[in-house]
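Only one structure is covered here, and it is reproduced in the block below.
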Amino acid sequence: MLYRRHAAPLVLLSLLVLSACSDGDGNTEQPLDASTPDAQADVLSDTGDTSDAGETNDAGEEPQIVDAQRAFELVDPFIGTGGLGFGYAALTPAAQMPNGLVKLGPDTTKQGSHGELNHFSGYHYDDPDTRGFSHLHLVGTGAAGLGNLRVLPVAQVDAAKPWEQYTAMDKASEAAQPGYYTVDLPDAGVTAELTASLRGGLHKYSSTDGGVTLLFNPAGAVKTTPNTTVDMTVDGTTIEGNVIYSGDFATRSGPFTLHFSATMDPAPTSVSAWNDDGVQDDQTSAQGTQGGAVLEFDGATEVELRVGLSLVDLDQARLHRTEELDEKTFAEVRQAAKDAWLDKLGRVRLKGGSVENQTIFYTALYNIWRMPTRLDGIDGRYRGVDDEVHQADGFAYYSDLSLWDTFRTLHPWLALVDPELQRDSLKSLLAMKDASGYIPRWPAMQTFTGSMIGTPADLVFAESALKGIDGVDYEAAFDALYETATQKPADGAMFRGRTGVERYVELGYLPADEYDESVSRTLEFAWSDWALANLADHLGRSEAAELRARGENWKHLYNPDNGFFAPKNADGTFEEIGGSTFGREGPYTEGNAWHYRFYPIWHPEELAATFGGEEALYDPLSTFFEDSKLESDRFQTVLPDQMYWHGNEHDLGAVYLFHYAGRPDQVGRWSRVIQTTAYTTEPDGLAGNDDGGTLSAWYLFSALGFSPVAGGDWYMLGSPLFTYAEVDVADGQTLVIEAEGADVDTPYVTGVSLDGEAVEGATITHEQLMGATLRFEMSPDAPQ
């Protein structure tokens with residue numbers, strides 16, 4: 001089904017707030033043509049009808065399992081494309097293959113304004129106009145970047161500044177599904193349809209007035225900068241060249257060069273190039289900060305544009321166009337994208353629940369495979385973080401790894417459901433180490449962004465080793481990670497490593513009178529050290545004992561006088577906590593003392609003991625949720641909640657700590673509240689930046705009934721939302737989850753068994769889940 005929505009645009013607020021994750025250290029049916037009446041009618045209703053999804057339908061029949069085709073139909077690419085402030089999830093309806101380089105979709109604006117906070121992906125659902133359709137996007141991040149190589153249909157050309165043009169969208173016509181996007185542009189008299197291969201984009205523009213005019217703008221980008229250089233030539237039906245781009249999040253450690261090779265069908269009736277001085281009639285090449293082409297197709301009723309891209313060279317861009325797009329119809333390319341998505345979406349098969357909850361689940365599953373981004377070409381060549389060309393040998397090379405976010409939930413999901421992608425992500429990080437000397441924290445395209453804090457790769461490598469992801473040189477990874485965990489990187493290195501690492505090693509914490517974000521950094525370092533201890537044990541390394549002890553460094557910052565993790569000076573005295581902060585100054589990173597109060601989920605029993613026992617943990621943990629806005633009429637996501645805040649990463653595991661506060665019933669209660677308030681089917685249906693699939697992965701785990709502890713090989717048990725699930729896991733095995741009676745109003749778990757044996761305690765291991773049947777006994781009433 002195509003998702004089409006009908007909503008009046010909202011007025012975007014100008015918020016002078018910092019964004020989350022900002023800165024720092026098999027079905028083969030023929031696809032529908034969206035211009036046909038059948039396609040226009042094939043839209044999933046937002047009425048909340050659950051007749052085909054619940055425990056029984058109106059005929060008293062058992063619900064059917066959701067297969068790959070039905071899962072594909074349930075995905076709504078517009079969820080998470082709206083919202084304001086911190087509630088903007090930064091998703092885009094762009095057409096792409098799973099983890100594809102090309103994410104071809106609209107970049108938008110509202111009445112000529114472009115608020116960066118609400119356009120990190122280039123798109124906001126409420127905008128009425130488009131700046132054009134570009135090929136590269138960050139998905140679900142809290143940073144503006146990419147949006148490169150833009151194409152815009154227009155009615156008339158602004159000869160002075162064609163690169164600043166916009167055109168109105170008919171929002172009622174806008175529709176999308178995985179691998180496809182379409183919208184009517186009434187002023188231009190054109191219907192735009194977009195689909196994508198791994199490394200190429202295919203545009204189809206159908207004219208209602210018998211003519212099409214396109215602005216081909218290689219310099220286009222989400223964040224306009226003065227550092228762009230274009231070199232482009234139009235020759236008959238071919239447009240080729242490159243654009244050197246720098247100045248945004250994805251170019252922090254250096255620019256990248258995007259090479260493109262495009263063909264047009266039919267041939268344009270006239271071509272004019274533009275440069276910094278505007279449109280130059282009858283010119284067919286352009287060089288400069290601004291450089292592009294006006295392509296006119298007089299009398300044409302349909303124009304197709306095939307664009308191959310490469311970060312290596314023009315030859316590879318041509319290869320991608322010829323191999324992935326040429327000699328293929330629009331329908332064939334779209335079908336190939338659909339087939340790839342059917343493979344991914346069919347890996348989890350649900351039964352039960354409402355259409356709404358199934359839609360949220362499968363849209364979250366779709367978001368899992370939007371990043372990281374595939375950068376190697378058909379020939380295996382890729383341009384590395386050192387700006388040199390390398391050859392991927394036996395693996396696919398990925399970047400756009402938002403590790404500070406994704407280590408918590410997305411990478412654990414990949415370790416469970418897509419070990420091949422997890423393996424290739426690790427190999428890619430090691431390739432970056434070989435090219436630069438260090439394993440990065442947040443690589444985007446060819447750059448070390450350095451964004452956020454800590455060394456989250458520690459947890460991704462450790463967890464993968466413990467969960468049996470083979471084919472990775474974990475010895476080399478440990479050596480590199482241990483070096484960063486104990487030493488400051490060399491002067492001039494791409495990676496800044498752990499801020500203040502020498503003082504952390506010396507004192508067991510980062511002193512607040514010497515470093516900002518001292519509490520958050522100390523907690524992050526301790527989590528990483530615990531994970532590295534697990535990896536060291538796995539490898540039989542002698543450093544395990546040292547790292548195991550350092551994994552408990554979080555205890556140094558616990559202030560028994562107030563029960564918080566508090567800033568501590570070098571002389572051992574605690575500072576006052578002070579007010580909340582959502583920036584990067586002060587002791588807490590993008591949060592406050594409450595957000596980090598329950599952070600050490602890797603040591604849940606010790607955390608409870610540090611608080612003074614189960615009851616002593618329960619009281620503040622309960623307050624954390626009860627005093628949040630989750631259940632109140634005041635629940636909103638524009639600004640962070642000063643108590644439990646689901647829109648950022650710090651406290652994603654907190655709800656499961658009720659197990660260790662002697663109240664496992666509250667795990668069910670509050671996880672269900674989060675599932676049903678922080679996630680909806682609306683454009684603002686995520687509570688914050690999805691951060692490369694992090695919030696989406698939390699929902700997937702939560703809805704299945706367990707949650708990972710990153711850096712380890714175990715999960716904490718939760719409350720499943722669906723009555724039945726089959727999950728394809730490693731080595732062709734299937735995990736079956738049964739939870740008869742599970743529903744929105746049935747959150748309480750009264751018993752858990754694994755292959756018929758009762759599960760005692762709050763956890764289960766990764767190995768235990770492989771090929772097993774996990775059964776939950778559910779109740780609408782809390783156990784007494």
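If you wrap the tightest convex hull around every Cα atom of the stretch 613-745 and split its volume per residue, you get 134 Å³. Counted by neighbouring Cβ atoms within 10 Å, the residues His411, His766 run from fewest to most as His766, His411. By the count of other C-beta atoms within 10 Å, a proxy for reagent exposure, Asp400, Asp458, Asp235 are ordered fewest to most as Asp235, Asp400, Asp458. Look at the alpha carbon pairs under 8 Å that are at least 6 residues apart: their mean separation over the length of the stretch 532-604 gives a relative contact order of 17 percent. Rounded to the nearest 500, the helix-only mean residue ellipticity at 222 nm of the chain stands at -7500 deg cm²/dmol, with each DSSP H run of n ≥ 4 adding -39,500 (n - 2.57). Against the compact-protein benchmark of 2.2 N^0.38 Å, the Cα-based radius of gyration of the stretch 243-370 scales to 1.46.
The per residue volume of the convex hull around the alpha-carbon atoms of the stretch 425-480 is 78 Å³.
Of all DSSP beta bridges located in the stretch 182-304, what percent are antiparallel, nearest 5?
Here the antiparallel bridges make up roughly 100 percent for the stretch 182-304.
The three principal axes of the Cα atoms in the stretch 116-178 give end-to-end lengths of 35, 27, 21 Å, sorted in falling order. The charge dipole of the chain, taken about its Cα centre with unit charges on the Cβ of Lys, Arg, Asp and Glu (plus for the first two, minus for the last two), comes to roughly 840 debye.
The shape of the stretch 548-675 can be summarised by an equivalent ellipsoid whose semi-axes, obtained from the alpha carbon gyration tensor, come to 23, 20, 12 Å from longest to shortest. Each residue of the stretch 672-678 was assigned a 3J(HN,Hα) from its phi angle through the Karplus expression (A = 6.51, B = -1.76, C = 1.60, θ = phi - 60°), giving 5, 4, 5, 4, 9, 10, 7 Hz with x at Gly and Pro.
For Rg/Rh (Cα atoms, Kirkwood Rh), computed directly from the structure shown, the correct entry in (1) 1.19; (2) 1.06; (3) 0.97 is (3). Excluding Ala739 itself, what net charge comes from residues whose Cβ is under 11 Å from its Cβ, given Lys and Arg +1 and Asp and Glu -1? Once all neighbours under 11 Å are counted, the net charge is -2.
Each Cα pair under 8 Å and six or more residues apart adds its separation to the average, and for the stretch 472-520 the resulting relative contact order is 22 percent. When Ile65, Ile360, Ile244, Ile737 are arranged by Cβ crowding within 10 Å, least crowded first, meaning fewest neighbours, the order is Ile65, Ile244, Ile737, Ile360.
For Lys223, a cut-off of 22 angstrom between C-alpha atoms picks up these lysines, skipping any fewer than 8 places away in its own chain: Lys103, Lys110, Lys161.
Think of the stretch 128-177 as having a plus end and a minus end, set by charges on the Cβ of Lys, Arg, Asp and Glu; of Gln156, Tyr166, Thr141, Thr141 sits farthest toward the positive end of this dipole.
Cα centroids of the stretch 258-297 and the stretch 86-125: 25 Å apart.
Each Lys or Arg adds one and each Asp or Glu subtracts one; over the other residues with Cβ under 12 Å from the Cβ of Gly278, this totals -4. Placing +1 on each Lys and Arg Cβ and -1 on each Asp and Glu Cβ, with no other charges, gives the stretch 94-165 a dipole about its Cα centre of roughly 180 debye.
Using only the C-alpha atoms of the stretch 251-317, find the volume of their convex hull and express it per residue in Å³. Mind showing how you got there, number by number?
Values: hull volume 7.6 nm³, N = 67.
It comes to 113 Å³ per residue, whole-number rounded.
For the chain, the share of DSSP beta bridges that are antiparallel, to the nearest 5, is 95%.
Bear in mind that the values in this text are calculations on the coordinates, not laboratory data. Only a predicted model underlies this, so the values are computations on that prediction, with no experimental measurement involved. So basically every Cβ, Gly included, is an ideal-geometry build from the backbone, and we count neighbours across all protein chains shown.
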